[in-house]
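First up is the structure itself, then whatever we jot down about it.
The values are calculated or read from the model by the stated rules, or taken from the named source; none is laboratory data. Note that this is a predicted model, so its numbers are computed, not measured. Neighbour counts are summed over all protein chains in view; Cβ atoms, including those assigned to glycine, are modelled from backbone coordinates with ideal geometry. Quick note on the areas: whole protein, heavy atoms, side chains included, nothing else; ligands and nucleic acids left out. Shrake-Rupley method; radii C 1.70, N 1.55, O 1.52, S 1.80 Å.
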Amino acid sequence: MGVGAEVVDLTKSFGDQTVWSNVSLTVPAGDITVLLGPSGTGKSVFLKTLIGLLRPDRGRVYIDGQELTAMNERDLYAIRQRCGVLFQDGALFGSMTVYDNIAFPLREHTRKTEKEIRRIVGERLELVGMSGDEDKLPSEISGGMRKRAGLARALVMDPELILCDEPDSGLDPVRTAFLGKLIAELNAETGATFLIVTHDINTARTLPDHIGMLYKGELIAFAPRAEILESEEPVVKQFLNASLDGPIGMAEEKDAEDPLAHAGAAP
Ligand SMILES: Nc1ncnc2c1ncn2[C@@H]1O[C@H](COP(=O)(O)OP(=O)(O)OP(=O)(O)O)[C@@H](O)[C@H]1O
Ligand SMILES: [Mg+2]
């Protein structure tokens, strides 16, 4: 079953650069939530902060009701084992085969025998449509296959909370649709909670129960999908319609402060 996550008044900065501040939201247990936002707004940083890979400056993070921000490394490690993460770059070990990459968490964190590991890895490979590719190195498979191998690895510990950072970037539209279907099926079968960062509007429009959007250092929207899809909020509307008209420009961090810059950027 899935576990939920909650953040309260969360703020994260690097040096004097604040990535986002006072973010509060609940990722409901067992549901699929999508997080949107222009490049550089801190979506990847948010996922990493949520599972305690990055420490926030202020605020609290809870997973399954337990406060991560107050935990020592040992307890953090235990809670992270209940989470599956697909990082933006796939993050496979380049010198290991697909099989060894997917087996890695099981070898590292469990006492399972190689026989049990073979069964589990085989199941996950089949799930992501990669049976037969287990002996290849990451450099010998396509970008889309690396994503799917990364997803298989994220699923290997039967996670209750799954964080996927742009699982569909670099995939063709058909495979993106298949990946969305796979996520919906996994969610239905296992009840695991999903939090997915994506730039794919079709995915955002069809897959999640809830949608959140980060913009200019703030969480500007977080609501059930239907509500967000009908939102009149200019940033949300522009983003979901991939429109050139609206507050978001090419250099979105600058444009809204300088209306001329936006007018100049529009064709
Ligand atoms: N470890 C770090 N140290 C310093 N700054 C960082 C670090 N990680 C991220 N940043 C900065 O935080 C900001 C947010 O980065 P992040 O990767 O979260 O953006 P993003 O929303 O995921 O963008 P994209 O859609 O392009 O993946 C950026 O300005 C980035 O340079
Ligand atoms: Mg990112």
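Values computed for the structure shown
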read-out	value
Which numbered condition residue 28 fails, given (1) over 17 Å from the mean Cα position of the chain (by Cα); (2) more than 13 Å from ligand 1 (Cβ to nearest atom)	(1)
Residue 219 vs. criteria assigned by TED's automatic domain parsing to the domain that holds residue 25, open to solvent by less than 60 Å² (accessible area, probe 1.4 Å), part of a loop (DSSP other than H, G, I, E, B) and in contact with a Gly (Cβ under 8 Å, 6 or more places away or on another chain)	no
Single unsatisfied condition, residue 22 versus (1) outside any strand (DSSP E or B); (2) polar (S, T, N, Q); (3) surrounded by fewer than 17 Cβ atoms within 10 Å (Cβ to Cβ)	(1)
Pair list, Cβ < 8 Å and 6+ apart or interchain, from the range 44-55 residues that are near ligand 1 (Cβ under 8 Å from one of its atoms) to residues that are of a type in the set (D, E, K, R) and open to solvent by 30 Å² or more (accessible area, probe 1.4 Å)	54/48
Residue selected from the range 1-18 under the condition open to solvent by 20 Å² or more (accessible area, probe 1.4 Å) and among the hydrophobic types (A, V, I, L, M, F, W, C), by the criterion nearest to residue 164 (Cα to Cα)	1
Lone unmet requirement of (1) touching a residue at least 40 places away in the same chain (Cβ under 8 Å); (2) touching a Gly at 6+ places or on another chain (Cβ under 8 Å); (3) buried (at least 16 other Cβ atoms within 10 Å of the Cβ) for residue 139	(3)
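Every residue, every condition in (1) crowded, with 17+ Cβ neighbours inside 10 Å; (2) modelled with pLDDT of 95 or more; (3) assigned by TED's automatic domain parsing to the domain that holds residue 39; (4) not in a helix (DSSP H, G or I), yes or no:
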{"position": "189", "(1), (2), (3), (4)": "no, no, yes, no"}
{"position": "223", "(1), (2), (3), (4)": "no, yes, yes, yes"}
{"position": "226", "(1), (2), (3), (4)": "no, yes, yes, no"}
{"position": "243", "(1), (2), (3), (4)": "no, no, no, yes"}
